[in-house]
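To keep things clear, I will list the structure first and then write my remarks on it.
The values are calculated or read from the model by the stated rules, or taken from the named source; none is laboratory data. Source: prediction; values computed, not measured. Cβ placement follows ideal geometry from the backbone for every residue including glycine, while neighbour counts extend to all protein chains displayed.
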Amino acid sequence: MSDRVKDLVFNSKISDNDKYYWGYMYGLGRDVIVPYLTETAVFRPGDKVIEIGSAEGGVLHAFADKGAVDCVGTDIAESRLIMGRKITEIAGLDVTYYYNDIIYGEPEKNWLGKYDLAILRDVIEHLDDTEIALRNISKVIKRGGFLYVTFPPYNSPYGGHQHTLAGKLPSKLPYIHHLPENIFRKLISSGRPQDIEEVTRLLDIRLSPEKFLNAAEAAGYSLVKSDYYLLRPVFKMKFGLPSLKLNGLAKSRIIRNYFCMEASYILQKN
């Protein structure tokens with residue numbers, strides 16, 4: 001695949017930190033997500049694509065570079081949208097960014113029933129009401145269009161997102177979110193207040209594959225394909241590790257909840 005987009009961004013004057021976060025998202029989109037959704041006939045050049053929780057837009061830029069049109073990225077972090085606009089200009093791609101809260105906000109009127117494909121990568125586990133989020137996303141997808149979702153099940157090794165907290169070793173250990181809540185809170189107390197608040201919220205949400213699939217059915221989607229990973233595809237971009245699917249082992253509820261580090265779904269709007 002061409003590195004034209006990556007070269008333009010990495011040769012620009014944005015910070016090394018922004019290049020890193022954008023770079024692994026772009027690599028994930030270019031090398032994993034776009035090929036996967038192309039092979040499954042979910043994405044075709046010329047499709048209109050929207051990403052919920054797009055951050056700087058690395059994944060969305062990979063779709064735009066492969067022929068997606070009318071691309072839109074949404075997020076509630078304005079600073080990341082600003083950087084996304086800057087990188088989009090540097091890369092010479094056609095992506096538009098909007099602040100939008102998928103739970104408590106309303107989609108733009110010109111989005112309704114417009115998109116062939118919506119992407120929700122590592123976002124749904126943070127949202128207070130899974131079904132409401134999926135219903136609101138359904139509003140912007142064409143009838144028969146697709147929604148691609150990934151998330152780490154809460155009960156998995158790092159499903160508590162404790163690894164996102166800066167500080168001492170315990171916050172990096174797997175499964176510590178299964179400890180009694182008072183002990184878990186103490187172990188994560190060295191993190192930034194906003195990160196501690198988010199990790200604590202996940203204690204209430206506790207999104208599992210079963211809870212997600214029940215919400216998807218109630219929101220009017222049919223399941224096209226599901227995959228469960230022991231090692232996530234993004235680990236290749238972050239750590240140089242190969243992805244590893246659980247395959248038949250994921251039929252076990254215990255395995256897919258406690259050992260699956262990424263649940264991946266393709267849903268179709270009925």
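Structure summary
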read-out	value
Residue tally, condition at pLDDT 95 or above and assigned to a loop (DSSP other than H, G, I, E, B), over the stretch 128-157	9
Hits in the stretch 203-260 - residues which are part of a loop (DSSP other than H, G, I, E, B), of a type in the set (Ser, Thr, Tyr) and within 30 Å of Gly23 (Cβ to Cβ)	Ser243
Residue that is nearest to Ala41 (Cα to Cα) [pool: residues in the stretch 158-201 that are outside any loop (DSSP other than H, G, I, E, B), more than 20 Å from the chain's Cα centre (by Cα) and among the basic types (Lys, Arg)]	Lys172
Breaking point among (1) at pLDDT 95 or above; (2) in contact with a Phe, Trp or Tyr (Cβ under 8 Å, 6 or more places away or on another chain); (3) within 25 Å of Val49 (Cα to Cα), for Val234	(1)
Pair list, Cβ under 7 Å, 6 or more apart: the stretch 66-93 residue closer than 17 Å to Asp18 by Cβ and among the aliphatic types (A, V, I, L, M), other residue modelled with pLDDT of 95 or more and in a strand (DSSP E or B)	Leu81/Asp75; Leu81/Tyr97; Leu81/Tyr99
Residue match in the stretch 147-161 (condition: surrounded by 23 or more Cβ atoms within 10 Å (Cβ to Cβ), among the polar types (S, T, N, Q) and over 12 Å from Ile50 (Cα atoms))	yes
Residue check, Tyr104 of a type in the set (Phe, Trp, Tyr), without any contact (Cβ under 8 Å) to a residue 24 or more places away in the chain, assigned by TED's automatic domain parsing to the domain that holds Ala219 and closer than 22 Å to Gln268 by Cβ	no
Any hit, the stretch 136-151, residues being among the hydroxyl-bearing types (Ser, Thr, Tyr), outside the structural domain of Ser189 (by TED's automatic domain parsing), in contact with a helix residue (DSSP H, G or I) (Cβ under 8 Å, 6 or more places away or on another chain) and closer than 18 Å to Glu198 by Cα	no
Residue that is under 17 Å from Met237 (Cβ atoms) and not polar (S, T, N, Q), where the choices are Ala91, Ala68, Ala55, Ala64	Ala55
